[in-house]
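Colleague: Pasting in a structure now, in structure tokens, and then I'll have a few things to ask.
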Amino acid sequence: MNFKQFIFQSLIALGCLLLITSSTLSVKEIYTHIQIVDKRATKETKSLFYNLKKLAPSHILFGHEDALAYGVKWKNWHKQRSDIKDVCGQHPAVFGWEMSKLGKSDYNIDSVSFKAMKGWMKEVYKMGGVNTISWHMDQFEEDKNSWQVGERVVEDILPGGKNHEQLKEKLDLFANFINDLKVGFIFKKEVPIILRMWHEHSGSWFWWGKDWCTAEEYKALYQFTVRYLRDEKGLHNILYCYSPDVVESKQEYLERYPGDAYVDIIGMDIYRDFKKMGNPEDLPDRLKMIVEIAEEKGKIAALSETGFETIPQNEWWTKTFLRLLKQDKKGRNIAYAMVWRNGRSDHFYAPHPDHPSALDFIRFVQDDMILLEKEIPDLYKIRR
Ligand code: BMA
């Protein structure tokens with residue numbers, strides 16, 4: 001054997017050894033190796049991250065905002081119902097919830113009772129689904145909502161700012177909400193959630209958006225939020241999702257990125273490509289971009305919010321959405337895609353039984369890549 005052959009064979013032997021040792025990690029060792037924002041996260045939370053990452057190369061979990069709370073022609077159904085189930089026989093796999101008005105009212109901005117929401121979130125966990133939370137937070141002075149922009153109010157809520165204590169009070173209320181999300185009688189378990197704070201900040205329609213704070217202020221806000229919830233409030237059942245609106249480059253994506261230590265999920269909210277001025281064919285490249293960023297950082301990518309309002313094309317689900325989700329062999333490796341809420345008859349993103357795209361939606365969810373509630377493996381345990 002000459003020297004070259006010796007080196008080659010040694011490298012192969014080393015590779016095999018590494019493969020064998022990595023594939024024989026015990027479940028306990030896997031838990032200690034999982035790199036997420038919260039080192040003290042519960043096993044279920046770590047498992048959720050691990051399993052979503054494992055599923056992402058082959059499957060996309062399909063989600064819907066407020067799925068269990070209401071649909072296009074119904075509201076406050078007390079048995080489990082969702083428009084998606086009415087159409088295809090099962091609920092989505094991912095369920096979005098919204099915190100706006102927490103602490104000010106018993107109901108959120110879209111008239112969903114917070115009490116009922118807690119119940120639904122526990123049900124979701126019990127059925128093996130995933131809960132994700134967004135928060136269109138009101139401003140602290142003058143009680144303006146999240147869309148009433150024009151002033152640089154972020155600096156006031158950062159540590160040292162005149163409204164910082166108010167931000168903390170808001171996060172305290174949130175911590176109380178999250179602390180109620182426990183299931184089980186004797187051994188209570190916290191329900192893991194994916195929290196998507198300060199979203200779509202690459203646009204300027206929210207007061208935390210690009211024109212209303214510097215990149216440094218935005219990062220400081222995001223970092224403070226994570227540290228406060230994790231370290232001060234002791235919440236250990238949260239994965240953190242960062243979700244700008246559509247951006248055109250990795251550089252732009254990372255401009256306000258708070259850092260690897262603060263983010264678990266590399267998200268993006270994409271509506272623009274499906275609107276009149278947009279081009280749906282841009283979707284695969286955008287997905288490729290977030291999957292690449294996630295891979296470089298050891299994280300998960302997700303289409304955190306999306307949809308085509310009122311779905312005006314009958315075969316949109318398969319001819320456009322599915323085709324484009326699958327088109328790029330990297331881009332298809334997102335863990336989940338969630339469409340927005342079925343709020344009104346002119347503002348809905350999932351079909352209902354009378355909708356002309358319902359049949360095509362059934363074909364969409366029959367695709368092996370798309371997972372709904374009954375098809376997801378146990379996300380909250382790690383199995384060898
Ligand atoms: C927006 C719209 C609003 C809703 C808000 C918060 O995109 O759906 O009607 O109040 O989200 O959920």
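We did not get these values from a lab; they are worked out from the coordinates using the rules stated. All of these numbers come straight from a predicted model, not from anything done at the bench. FYI the Cβ positions are ideal-geometry reconstructions off the backbone, even for glycines, and counts take in every protein chain you see.
Colleague: Which value, in Å to one decimal place, does the Kirkwood hydrodynamic radius take for segment 332-375 when every pair of different Cα atoms is included?
Modeller: One over the average 1/r among Cα pairs gives 12.0 Å for segment 332-375.
Colleague: Here is a follow-up. Using the alpha carbons of the chain, what is the convex hull volume per residue in cubic angstrom, as a whole number?
Modeller: Roughly 164 Å³ of hull volume per residue.
Colleague: So, one more: What nm distance separates the two modelled labels at Thr214 and Glu281, each placed 7 Å from Cα along Cα→Cβ?
Modeller: My value for the distance between the label points is 4.2 nm.
Colleague: Also, I was wondering about something else. Quick one: longest stretch of the chain between exposed loop chymotrypsin sites (Phe, Trp or Tyr not before Pro), exposed meaning at most 16 other C-beta atoms within 10 Å and loop per DSSP?
Modeller: Segment 206-384 is the longest.
Colleague: Which value, in nm² and rounded to one decimal, describes the direction-averaged projected area of the C-alpha convex hull of segment 58-113?
Modeller: Its Cα hull, projected and averaged over all orientations, spans 4.7 nm².
Colleague: Segment 196-267: which GluC sites (Glu not before Pro) are DSSP loop and have at most 16 other beta-carbon atoms within 10 angstrom?
Modeller: Those satisfying the criteria are Glu248, Glu255.
Colleague: Next question, about the same structure. Say each of Lys104 and Glu309 gets a label point 7 Å from the Cα, pointing the same way as Cα to Cβ; how far apart are those two points in nm?
Modeller: 2.2
Colleague: Which whole-number percentage describes the relative contact order of segment 253-384, with Cα contacts under 8 Å and a sequence gap of 6 or more?
Modeller: After rounding, I find 24 percent.
Colleague: Taking the Cβ of Gly278 as the center, what net charge do the other residues with Cβ under 14 Å away carry, scoring Lys and Arg +1 and Asp and Glu -1?
Modeller: Result for the local shell: -4.
Colleague: List every DSSP H helix in the chain whose Cα atoms extend 20 Å or more along the helix's own long axis and whose mean Kyte-Doolittle hydropathy is at least -1.0.
Modeller: Once both thresholds are applied, what remains is 3-23, 164-179, 283-297.
Colleague: About the Cα centre of the chain, how large is the charge dipole given +1 on each Lys and Arg Cβ and -1 on each Asp and Glu Cβ? Please answer in debye to the nearest 20.
Modeller: 1640
Colleague: Which of the GluC sites (Glu not before Pro) across segment 120-196 are loop residues per DSSP, with 10 or fewer other Cβ within 10 Å?
Modeller: Passing both the DSSP loop test and the Cβ count: Glu142.
Colleague: Just to be sure I understand the model, the point goes 7 Å from the Cα along the line to the Cβ. What's the resulting His33 to Arg323 distance in nm?
Modeller: Modelled inter-label distance: 4.1 nm.
Colleague: Now for a separate question. Do me a favour and compute the ellipsoid semi-axes for segment 46-189 from its Cα gyration tensor, root of five times each eigenvalue, largest one first, whole Å.
Modeller: Values for segment 46-189, descending: 30, 19, 17 Å.
Colleague: Name the long-range amide H neighbours of Trp97: under 5 Å, sequence gap of 5 or more, or other chain; modelled H, no Pro or chain starts.
Modeller: Asp66, Thr132, Ile133, Ser134
Colleague: Test of understanding: what is the full-extension gain from Glu292 to Ser58, defined as 0.36 nm times their sequence separation minus their Cα-Cα distance?
Modeller: Extra length from Glu292 to Ser58 when fully extended: 82.7 nm.
Colleague: So what is the relative contact order of the chain, in percent, for Cα pairs below 8 Å that sit 6 or more residues apart?
Modeller: Across the chain, relative contact order equals 24 percent.
Colleague: Under the 0.36 nm per residue contour assumption, what length would be gained going from the current alpha-carbon distance of Glu142 and Lys250 to full extension?
Modeller: 35.2 nm
Colleague: A further question on this structure: Can you list the residues of segment 194-210 with backbone N under 16 Å from a point 7 Å past the Cα of Gln166, pointing along Cα to Cβ?
Modeller: Those under the cut-off are 207-208.
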